[in-house]
1. What's the local net charge at MET30, with K and R +1, D and E -1, over the other residues with C-beta under 12 Å away?
2. What ranking of ARG62, ARG13 emerges when the number of other C-beta atoms within 10 Å of each C-beta is taken as an exposure proxy, fewest first?
3. Among ILE63, ILE69, what is the fewest-to-most ranking by other Cβ atoms within 10 Å?
4. Could you order the peptides 2-8, 46-52, 15-21 from most to least packed, using the average number of other C-beta atoms within 10 Å per residue?
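We did not get these values from a lab; they are worked out from the coordinates using the rules stated. Keep in mind that what you see is a predicted model, and the values were worked out from it rather than measured. As a convention, Cβ positions derive from the backbone with ideal geometry for all residues, glycine included, and neighbour counts pool all protein chains shown.
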Amino acid sequence: MVRVPLSPEELKRGKDLGAALRTARGPQTMVSTAARAGVSVETLRKIETGRSPSPEFFTIQRICSALGIAMDDLLTHRSGSDRERAVAAAIPARP
């Protein structure tokens with residue numbers, strides 16, 4: 001399957017999502033968070049660093065569950081005008 005290259009806006013949303021998840025994770029380790037979410041540490045690392053700018057919806061849902069937050073709570077880990085971007089990033093658009 002050939003993937004269509006992501007736009008700069010989509011890449012930015014991925015980085016915003018990763019930053020929100022990293023902030024929400026706080027002092028918890030990547031290893032413990034990934035284990036509780038049932039994802040690999042590398043998957044979590046790629047999402048948090050923006051290297052996976054369009055992760056699957058259910059992957060984000062499992063990470064949020066492991067962190068004990070609702071997906072909507074990602075908004076509290078962003079500020080001001082970034083809130084709308086965090087919401088859009090939490091639910092990747094499908095072509």
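1. The answer is +3.
2. Taking fewest neighbouring Cβ atoms as first place, the list is ARG62, ARG13.
3. In increasing order of surrounding Cβ atoms, one gets ILE69, ILE63.
4. 15-21, 46-52, 2-8
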